[in-house]
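Have a look at the structure below before the remarks.
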Amino acid sequence: RFEPYAKVGFHLTSMPEPHPIFRLIQNAGRITDEEMYRTFNMGVGLCIMAPRESIEGVISTFERFDFKTHTIGRVIDELGVRIDTKGKTLTL
C-alpha cells in the first residue's frame, strides 16, 4: 500500500554552534530557543537527507566544493523536529 505522506521527522543531536549574531538577536528580542530554531534555524542552511551508507560520499562531494558540512542528526518515524541543545530537547 502506498502512503504518500509518511510520518517522518528529525532528531537533531549535533547542531553546530550558532553564529554570535543569533544570540544577539535572541537576547535583544527576548526570543525563546524554540522560536529561534523555528524562525532562523540558528544559521543551518541547506540540509540533505541521505542513506547511512551514502553519507561519506555526500560529505566528500560537498567538501570538494568548499562547503562546510556537519552530520547533525537522523530521520525518525515520528512527525516533528527534536533538537538537543543546552542540555534539553526542543520539540518543533
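When you scan the range 13-25, how many residues do you find that are out of contact with any Phe, Trp or Tyr (no Cβ under 9 Å at 6 or more places or on another chain) and more than 13 Å from residue 73 (Cβ to Cβ)?
6
Output the qualifying pairs, or none if there are none: Cβ atoms under 7 angstrom, residues six or more apart or on different chains, first residue in the range 56-83 and without any contact (Cβ under 8 Å) to a residue 60 or more places away in the chain, second residue exposed (fewer than 11 other Cβ atoms within 10 Å of the Cβ) and among the hydroxyl-bearing types (Ser, Thr, Tyr).
Partner pairs satisfying both residue conditions: 70/14; 71/14.
Which residue out of 20, 16, 51 is touching a residue at least 40 places away in the same chain (Cβ under 8 Å) and not acidic (Asp, Glu)?
16
Would you tally the residues in the range 34-92 being of a type in the set (D, E, K, R) and within 26 Å of residue 24 (Cα to Cα)?
Total satisfying the criteria: 8.
If a residue has to be of a type in the set (Lys, Arg), part of a loop (DSSP other than H, G, I, E, B) and closer than 14 Å to residue 81 by Cα to count, how many in the range 15-48 make the cut?
0
Looking only at residues that are in contact with a Leu (Cβ under 9 Å, 6 or more places away or on another chain) and either open to solvent by 80 Å² or more (accessible area, probe 1.4 Å) or of a type in the set (Asp, Glu) (or both) in the range 62-82, which one is farthest from residue 43 (Cα to Cα)?
74
The values are calculated or read from the model by the stated rules, or taken from the named source; none is laboratory data. Predicted, not measured: the structure shown is a model, and the values here were computed from it. Here Cβ is always computed from backbone atoms with ideal geometry, including for glycine, and neighbour counts include all displayed protein chains. Heads up: the accessible areas ignore ligands, DNA and RNA and are worked out on the full protein's heavy atoms, side chains in. Shrake-Rupley method; radii C 1.70, N 1.55, O 1.52, S 1.80 Å.
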